[in-house]
Structure formats: structure tokens, C-alpha cells
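The values are calculated or read from the model by the stated rules, or taken from the named source; none is laboratory data. Quick caveat: nothing in here was measured; it's all calculated off a predicted structure. All Cβ positions, glycine included, derive from the backbone under ideal geometry; neighbour counts span all protein chains shown. Ligands, DNA and RNA are excluded from the accessible area calculation, which covers all protein heavy atoms including side chains. Shrake-Rupley method; radii C 1.70, N 1.55, O 1.52, S 1.80 Å.
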Amino acid sequence: MGGVRVQGTVGSFDVATRSGTVLLDDGTELGFDAEAFAAGGLRLLRFGQRVNLALEDGRVRVVTLSTFPLPG
């Protein structure tokens, strides 16, 4: 997987839709969808949790815990 890899902090997470927002370290807020959440192999996120993100074409493609490696 190409693209940009960054870290951030969970701003919100909706269990029903499996989507939410992440605040990057520079203060930028990015939304992620259920597909990006599922790609990270997670079951749940909580407010304030540190995460790794893979961005491609300005979109979050993968969100996973900061202790987990991003795919490929």
C-alpha cells in the first residue's frame, strides 16, 4: 500500500457505523469510514486513543492502533 502514513488521536468513534474522526498532531481532523476501520483489524476504538493511519488520495484507507503495524 502506498500513500502517506501518519499518527493521530481518536476524536470520535461510532460503534454502530464503525466510523469516526481522528485528530492529527497538527490539529487537522480527518474522518474515517467503516472500510478503513475494518482494514486495520480492530474491534473498537476509544476517545483519545493513539492510532496509525494510512492515507491515500486524501482519504483514510486504514486506521489501526499505534502499536500495530500498518499493512504493506
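Sub-6 Å Cβ pairs linking a first residue in region 1-30 that is over 12 Å from G48 (Cβ atoms) and touching a residue at least 40 places away in the same chain (Cβ under 8 Å) to a second residue that is surrounded by 13 or more Cβ atoms within 10 Å (Cβ to Cβ) and polar (S, T, N, Q), at least 6 apart or interchain, are Q7/N52, ordered by first then second residue.
Given the criterion at pLDDT below 95 and closer than 13 Å to V4 by Cβ, identify the matching residue among G58, G27, G41, G72. Let's see the steps before the verdict.
Values: G27 fails: closer than 13 Å to V4 by Cβ; G41 fails: closer than 13 Å to V4 by Cβ; G72 fails: closer than 13 Å to V4 by Cβ.
One residue alone meets the criteria, G58.
Can L30 be described as surrounded by 15 or more Cβ atoms within 10 Å (Cβ to Cβ) and at negative phi?
Working: surrounded by 15 or more Cβ atoms within 10 Å (Cβ to Cβ): yes; at negative phi: yes.
Judged against the criteria, L30 is a match.
Restricting attention to region 18-27, the residues being open to solvent by 50 Å² or more (accessible area, probe 1.4 Å) and in contact with a Gly (Cβ under 7 Å, 6 or more places away or on another chain) number 2.
Applying the set (1) charged (D, E, K, R); (2) in contact with a helix residue (DSSP H, G or I) (Cβ under 9 Å, 6 or more places away or on another chain); (3) at positive phi; (4) in contact (Cβ under 8 Å) with a residue 40 or more places away in the chain to D57 leaves exactly one unmet item: (2). Within region 25-70, the residues that satisfy the criterion of being under 9 Å from the mean Cα position of the chain (by Cα) and in a helix (DSSP H, G or I) are A36, F37.
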